[in-house]
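No value in this document is a laboratory result; all are computed from the given coordinates. Fair warning: this is a prediction, and the values are worked out from it, not measured in the lab. Cβ coordinates were reconstructed from backbone atoms using ideal geometry, including for glycine residues, and neighbour counts include every protein chain displayed.
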Amino acid sequence: MLQKLARSAYRAWPRSRHRGFKVNFGKPVPLWSLLFILLLGSASGIAAYSGLIQISAESRSQNSPDFTIAALPASQSIPQGQLATFNVDLASLEDFAGSVTLTAFMSPSEKNISIALNPVTVSLFTGSATSGLTVSIGQATTVGSYTLNVTGTSGRLVRSVLIFLLVTPPPPPDFSLSASPPSLTMTAGSSGFSAILVTSIGGFEGNVTLTVAVTPVVSNRPTTSLTPVQVTISPGGTQGSNLVINTASNTPRLTYTVLVVGTSGSTSHSLAIALVVQ
């Protein structure tokens, strides 16, 4: 059979290519030649099969279970003596359903900054999870830029995200005004109430005097009273004053603005309360 195939190949070969080339078909083909051909074919097949195995393995490795990690917000400015909170969000990739342990460290290191993760270990069995990150900036923290590295580890998988912090000086001592409720709707002839809250900012302490006025200025407009008219604030504290608003049956049915002003030395702040008389 091999001799017939060889004769057919010889006849089909162009004359210009086998001129001077002689083939003796009278002799049997040596056994070593057949073995060489078989080995050559086997080697080619093994190489092709190995290549397919490698491609298949690479394809599987590209689709291995994994997870992502992100932080929100990615950066924040924090005054000395304040807290900052972040969300560390993790999500499963390629059906990853394991547990991830979180760690965090600050660069450069700062002994007056404390970091807390809650929880420290999250499960991605449901596909996603969130851990709360709280950063406490001490009063003595050096002003400047810091980088917070949050790392999630699950077996050999390690993923990280960076959070950028800017520590700033604390705001100057001050106070703020707020009202509860911040607006009122009343029927003519009735009375209403609102609590005026004075809150310390940046360690403010001292006395704050309160005054109140109603606009527009019309006859029989609502009348007001504050008790007390002066409050004393301690650092980080809040004090309140009761605002009473009275209307008469002939008070014009209008929308009024009740303006509350708080003054301490050269510092003053105002608060507007919307009042609707029906």
Packing-based exposure ordering (other Cβ within 10 Å, fewest first) of Arg253, Arg156, Arg221: Arg156, Arg253, Arg221
Taking the convex hull of Cα positions in segment 142-278, its mean projected area over all directions (nm²): 13.4 nm²
Neighbour-count order for Ser225, Ser266, fewest beta carbons within 10 angstrom listed first: Ser266, Ser225
Estimated distance in nm for a label pair at Asp174 and Val120, the labels positioned 7 Å out from Cα along Cα-to-Cβ: 4.0 nm
Segment 121-249 - share of DSSP beta bridges that are antiparallel (%, nearest 5): 100 percent
Cα-Cα pairs of segment 94-222 separated by more than 18 Å (percent): 72 percent
Value of Rg to Rh for segment 66-168 (Rh from inverse mean 1/r over Cα pairs, i.e. Kirkwood): 1.02
Inter-part distance where segment 196-232 and segment 113-168 are each reduced to a Cα centre, Å: 43 Å
J(HN,Hα) series, segment 101-108, from Karplus relation 6.51 cos²θ - 1.76 cosθ + 1.60, nearest Hz, glycine and proline x: 9, 9, 9, 8, 9, 9, 9, x
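For segment 174-277, give me the percentage of DSSP beta bridges that are antiparallel, rounded to the nearest 5 percent. Could the numbers behind the result be given before it?
Details: 42 of 46 bridges.
Roughly 90 percent of the DSSP beta bridges within segment 174-277 come out antiparallel.
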Paramagnetic reach from Thr263 (point 7 Å along Cα→Cβ, amide N under 17 Å) across segment 214-232: 214, 226, 229-232
Least to most buried among Phe86, Phe96 (fewest other Cβ within 10 Å first): Phe96, Phe86
Simple label model, 7 Å out from Cα along Cβ direction - Ser191 to Ala70, nm: 5.5 nm
Linear extension gain, Ser183 paired with Thr101, 0.36 nm per residue minus alpha-carbon span: 24.7 nm
